[in-house]
Amino acid sequence: MDKDRASALLGTCIDADLLAIIMEADAVYADWGTSSQRRLAELTVTEAQALLDSDEFSAGTMAPKIEAAVTFTGQTGNPTVICSAESLQNALAGEAGTRIVAG
(Lines give C-alpha, C1' and ligand atoms only; values in the text may rest on other atoms or scores of the structure.)
Protein backbone atom coordinates (compact mmCIF):
# COMPACT_ATOMS: atom_id res chain seq x y z
CA MET A 1 0.00 0.00 0.00
CA ASP A 2 1.41 3.40 -0.92
CA LYS A 3 1.43 6.46 1.35
CA ASP A 4 -1.53 8.15 -0.35
CA ARG A 5 -3.79 5.12 0.03
CA ALA A 6 -2.62 4.63 3.61
CA SER A 7 -3.44 8.28 4.37
CA ALA A 8 -6.93 7.87 2.88
CA LEU A 9 -7.53 4.72 4.93
CA LEU A 10 -6.34 6.37 8.14
CA GLY A 11 -8.40 9.49 7.45
CA THR A 12 -11.48 7.36 6.86
CA CYS A 13 -10.89 5.29 10.02
CA ILE A 14 -10.57 8.36 12.25
CA ASP A 15 -13.39 10.21 10.45
CA ALA A 16 -11.13 13.13 9.57
CA ASP A 17 -12.82 16.36 8.50
CA LEU A 18 -10.38 16.78 5.60
CA LEU A 19 -7.55 14.89 3.92
CA ALA A 20 -4.55 16.94 2.78
CA ILE A 21 -2.22 15.25 0.29
CA ILE A 22 1.05 17.14 0.03
CA MET A 23 3.22 16.90 -3.09
CA GLU A 24 5.82 18.93 -4.97
CA ALA A 25 3.43 20.50 -7.49
CA ASP A 26 1.08 23.22 -6.29
CA ALA A 27 -2.04 21.50 -7.67
CA VAL A 28 -3.33 18.78 -9.96
CA TYR A 29 -3.12 19.73 -13.64
CA ALA A 30 -4.87 18.30 -16.68
CA ASP A 31 -2.71 17.87 -19.78
CA TRP A 32 0.42 18.19 -17.64
CA GLY A 33 3.55 19.15 -19.53
CA THR A 34 1.73 20.41 -22.61
CA SER A 35 0.97 23.90 -23.82
CA SER A 36 -2.66 23.37 -22.79
CA GLN A 37 -2.01 22.29 -19.19
CA ARG A 38 -4.46 23.77 -16.71
CA ARG A 39 -4.96 23.62 -12.97
CA LEU A 40 -7.93 21.62 -11.81
CA ALA A 41 -9.16 23.78 -8.94
CA GLU A 42 -12.09 21.58 -7.88
CA LEU A 43 -13.38 18.19 -8.92
CA THR A 44 -16.25 16.08 -7.67
CA VAL A 45 -15.55 12.46 -6.84
CA THR A 46 -17.38 11.52 -10.05
CA GLU A 47 -15.26 13.89 -12.16
CA ALA A 48 -12.04 12.70 -10.53
CA GLN A 49 -12.97 9.06 -11.14
CA ALA A 50 -13.76 9.84 -14.78
CA LEU A 51 -10.29 11.35 -15.21
CA LEU A 52 -8.75 8.23 -13.67
CA ASP A 53 -10.80 6.03 -15.99
CA SER A 54 -9.64 8.06 -19.01
CA ASP A 55 -5.97 7.53 -18.08
CA GLU A 56 -5.42 11.29 -17.71
CA PHE A 57 -2.94 10.55 -14.89
CA SER A 58 -0.14 8.02 -15.02
CA ALA A 59 -0.01 5.29 -12.41
CA GLY A 60 3.33 6.31 -10.92
CA THR A 61 2.60 10.00 -10.51
CA MET A 62 -0.77 11.64 -9.92
CA ALA A 63 -3.08 8.63 -10.14
CA PRO A 64 -2.44 7.33 -6.58
CA LYS A 65 -3.19 10.79 -5.16
CA ILE A 66 -6.46 11.06 -7.09
CA GLU A 67 -7.40 7.48 -6.17
CA ALA A 68 -6.79 8.24 -2.49
CA ALA A 69 -8.89 11.40 -2.72
CA VAL A 70 -11.73 9.51 -4.44
CA THR A 71 -11.62 6.85 -1.73
CA PHE A 72 -11.52 9.24 1.23
CA THR A 73 -14.04 11.77 -0.06
CA GLY A 74 -16.27 9.09 -1.54
CA GLN A 75 -16.47 7.22 1.76
CA THR A 76 -16.62 10.15 4.18
CA GLY A 77 -18.20 12.94 2.15
CA ASN A 78 -15.41 15.20 3.44
CA PRO A 79 -13.08 17.07 1.06
CA THR A 80 -9.55 16.26 0.04
CA VAL A 81 -7.02 18.97 -0.77
CA ILE A 82 -4.03 18.15 -3.00
CA CYS A 83 -1.27 20.77 -3.04
CA SER A 84 2.32 21.64 -2.17
CA ALA A 85 3.39 22.32 1.41
CA GLU A 86 3.96 25.96 0.48
CA SER A 87 0.42 26.39 -0.80
CA LEU A 88 -1.38 24.43 1.94
CA GLN A 89 -2.71 27.45 3.82
CA ASN A 90 -4.12 28.96 0.63
CA ALA A 91 -5.47 25.57 -0.48
CA LEU A 92 -7.34 25.18 2.80
CA ALA A 93 -8.92 28.57 2.09
CA GLY A 94 -9.92 27.39 -1.40
CA GLU A 95 -7.47 29.72 -3.14
CA ALA A 96 -4.88 27.19 -4.36
CA GLY A 97 -4.32 23.50 -4.90
CA THR A 98 -6.98 21.06 -6.02
CA ARG A 99 -10.05 20.23 -3.95
CA ILE A 100 -11.93 16.96 -4.37
CA VAL A 101 -15.49 17.19 -3.08
CA ALA A 102 -18.46 14.83 -2.79
CA GLY A 103 -21.08 15.04 -5.48
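The values are calculated or read from the model by the stated rules, or taken from the named source; none is laboratory data. In this text, all values refer to a predicted model and were calculated from it rather than measured experimentally. As a convention, Cβ positions derive from the backbone with ideal geometry for all residues, glycine included, and neighbour counts pool all protein chains shown.
A few comments on the model shown:
- Pick from the stretch 1-22, criterion under 15 Å from the mean Cα position of the chain (by Cα) and at pLDDT below 95, ranking: surrounded by the most Cβ atoms within 10 Å (Cβ to Cβ): Asp4
- Residue within the stretch 32-45 that is free of Cβ contacts under 8 Å to residues at least 40 places away in the same chain, touching a helix residue (DSSP H, G or I) at 6+ places or on another chain (Cβ under 9 Å), of a type outside the set (Asp, Glu) and surrounded by 12 or more Cβ atoms within 10 Å (Cβ to Cβ) present: no
- Pick from the stretch 23-61, criterion within 20 Å of Arg5 (Cβ to Cβ) and among the small types (Gly, Ala, Ser), ranking: nearest to the chain's Cα centre (by Cα): Ala48
- Search result, residues across the stretch 46-57 that are in contact (Cβ under 8 Å) with a residue 12 or more places away in the chain and acidic (Asp, Glu): Glu56
- Meets criteria (touching a Leu at 6+ places or on another chain (Cβ under 8 Å) and modelled with pLDDT of 95 or more) for Val101: yes
- Residue satisfying all of: in the stretch 23-68; in contact with a strand residue (DSSP E or B) (Cβ under 7 Å, 6 or more places away or on another chain) and β-branched (Val, Ile, Thr); modelled with the lowest pLDDT among these: Val28
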